[in-house]
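Presented below is the structure to which this report refers.
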Amino acid sequence: MPQDIVFSFFLIFAGALVLATVALYTRQPVLVAYIVLGGIAGPYGMGWIEHPDELIDMAHIGIIFLLFLLGLDMQPSALFSVLRKAMLVALISSLLFFGIGAGITFLLGFSTMDAVIVGLACMFSSTIIGLKLLPTTVLHHKHSGDLMVGLLLIQDMIAILTLILLGVMEGESDTPVWQPFIALPLLAVGCYLIVKFVLLPLIKRFDRYQEYLFIMAIGWCLAVAEGAAMMGLSAEIGAFIAGVTLATSPIAQFMAISLKPLRDFFLVMFFFTLGAGVNLDLLGDVIWGAALLAGAVLILKPVIFRMLLGKMSESSTLAWDVGFRLGQISEFSLLVAFVALESALLSERGSLLIQATAIITFIISSYIVVFNYPNPIAVKDKLRRD
């Protein structure tokens, strides 16, 4: 029987309202409420939504809008400076996280290939958790926000190369490993020219029509995201480039404010589908291993970022702040697990290990940030920063 999309929306957002209310009354992060709702309503819980995979593409749009809005507030000159500073830290930390993830998984009795895939999944930190819990003033106007953006963007590039590598290992990928390095500058230059010679003149002529500007922002974001995907990059990177190239527009801030409610709508769906996708029937087989791996990620990621950023002469306070905000694995890790499982490179137990570790680290790292660092959904008034 086809899934009723209206009923699905009702269940997601009415349920999110109820659980988010409970979360706020009990001083808990609302992100956790959305994940718990997915577990309750999904196919492995009450079964009210039997096919959450049908909602995944829609949920993915939230991540795309998040990166687009981020780009709207970052000038190109600032972006190059950030990437240059973050490159070495991102590369070294990714190698260390790979070794930690692969080593622990191998010691847990998984196969060598499972250990390699889990190690790859552990290299990345969550773009959504990192940026969603960062105050807007820090994200757009502080050095720590710039540093986090640089680290996450470089990790995204590494994630793309990882997905290409998995395709090559399966023997079905036609995308050469070098393609993203050629596609990225071509996409950036193409977007710059389109903005300069097409979009900015249109904005100047029709800036009185707010509905037109709203449609232009959405159309431009999704067009570049789709173009990036066709070129072998990720839709997220495409959306970010779309935002950066449009940041020079005088109405960039209006576009950013207009799209925030739309972004939040899709992000609720993202966290719901994350919770709904966990196979609770098999969770017992990997829960202790996932708890061990998640504990290692939650402890060692902040420590490693603190050490590496400290060597870059960053202050201890900033280094710990960035480390704890990036102290989880990523939504890209879930994509790596999905691709590897479909390619028969990863066992179902290995895939569930990654999923369980992702959710544990998402929840606990959110708690750590919400209760200890400035963020938009803090339960303490002194930490709440929008």
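The values are calculated or read from the model by the stated rules, or taken from the named source; none is laboratory data. In this text, all values refer to a predicted model and were calculated from it rather than measured experimentally. Quick reminder, even Gly has a Cβ in these numbers, built from the backbone with ideal geometry, and neighbours come from all protein chains shown.
Key figures
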{"read-out": "Answer from I194, I158 - the residue that is closer than 18 Å to G238 by Cβ and at pLDDT below 85", "value": "I158"}
{"read-out": "Qualifying residue in the range 36-52 (condition: at pLDDT below 75 and not in a helix (DSSP H, G or I))", "value": "no"}
{"read-out": "Within the range 271-304, tally of residues that are crowded, with 18+ Cβ neighbours inside 10 Å, assigned to a helix (DSSP H, G or I) and either over 23 Å from the mean Cα position of the chain (by Cα) or at pLDDT below 85 (or both)", "value": "7"}
{"read-out": "Output for the range 305-328, where each listed residue is out of contact with any helix residue (DSSP H, G or I) (no Cβ under 6 Å at 6 or more places or on another chain) and surrounded by fewer than 20 Cβ atoms within 10 Å (Cβ to Cβ)", "value": "M307, K311, M312, S313, S315, S316, T317"}
{"read-out": "Filter result for the condition that a residue is surrounded by 19 or more Cβ atoms within 10 Å (Cβ to Cβ), closer than 30 Å to A242 by Cβ and either acidic (D, E) or in contact (Cβ under 8 Å) with a residue 12 or more places away in the chain (or both), over L31, L83", "value": "L31"}
{"read-out": "Failed item in (1) within 24 Å of V30 (Cβ to Cβ); (2) assigned to a helix (DSSP H, G or I); (3) in contact (Cβ under 8 Å) with a residue 24 or more places away in the chain; (4) not polar (S, T, N, Q), with K382 passing the rest", "value": "(3)"}
{"read-out": "Among residues of the range 250-270, those that are part of a helix (DSSP H, G or I) and either on the phi > 0 side of the Ramachandran plot or hydrophobic (A, V, I, L, M, F, W, C) (or both), counted", "value": "13"}
{"read-out": "Index of the failed condition, I354 passing every other in (1) under 30 Å from V18 (Cα atoms); (2) part of a loop (DSSP other than H, G, I, E, B)", "value": "(2)"}
{"read-out": "Cβ pairs under 6 Å, 6+ apart, first in the range 37-50 and closer than 15 Å to F271 by Cα, second of a type in the set (F, W, Y) and buried (at least 17 other Cβ atoms within 10 Å of the Cβ)", "value": "L37/F272; G38/F272"}
